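Below is one structure, written out as structure tokens; the observations come after it.
Rule-based calculations on the coordinates, nothing more; no lab input. Note that the structure is predicted; figures quoted are calculated from it, not measured. Positions of Cβ are backbone-derived with ideal geometry, glycine not excepted, and every protein chain shown enters the neighbour counts.
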Amino acid sequence: MVTARAKPGALTEKRAEQLAALFSALSDPNRLRLMRLLLDEERCVHELSTALGLEQSAVSHQLRLLRDRRLVRRRKEGRHAWYALDDAHVEALLTFALEHVRHDGRPGRKKPVGRHE
């Protein structure tokens, strides 16, 4: 089987699949809400579930998916697991996405920034 080479600047099929998986993980509103809370500081499942009004099992499930996509990381301390955004790339991705949705489309105009996105 002969495969065509990607042109410079084009995505390979593998890289496109990786990006699709990343954006799929970011497509759930509850996962985004979790990530927004983690943008501020490291938190445990109990704090996250209380802040979002979700069951701890639901939060744990979403965090597992985000960990699988390397969007969050876990640190165990005794019986508690603490979660944070995985690295500066994830922080930048989330920050830029938030800025993009706040932007109203007119040059130099942004929607007011508040504590609650």
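Within region 13-62, track down each residue that is over 14 Å from residue 94 (Cα atoms) and among the basic types (Lys, Arg).
Across region 13-62, the qualifying residues are 14, 15, 43.
Being aliphatic (A, V, I, L, M), surrounded by 15 or more Cβ atoms within 10 Å (Cβ to Cβ) and closer than 16 Å to residue 29 by Cα is the filter here; which residues of region 41-64 pass it?
48, 52, 54, 59, 63
Considering only region 25-57, state which residues are of a type in the set (Asp, Glu), within 10 Å of residue 83 (Cβ to Cβ) and in a helix (DSSP H, G or I).
Result: 47, single match.
Of the numbered conditions (1) on the phi > 0 side of the Ramachandran plot; (2) in contact with a Ser or Thr (Cβ under 9 Å, 6 or more places away or on another chain); (3) not hydroxyl-bearing (Ser, Thr, Tyr), residue 13 satisfies every one except a single condition; which is it?
All conditions pass for residue 13, except number (1).
For region 69-89, how many residues are out of contact with any strand residue (DSSP E or B) (no Cβ under 9 Å at 6 or more places or on another chain), within 17 Å of residue 34 (Cα to Cα) and not charged (D, E, K, R)?
So the answer is 2.
For region 81-102, indicate whether the set of residues that are aromatic (Phe, Trp, Tyr), crowded, with 17+ Cβ neighbours inside 10 Å, touching a residue at least 40 places away in the same chain (Cβ under 8 Å) and not in a helix (DSSP H, G or I) is non-empty.
yes
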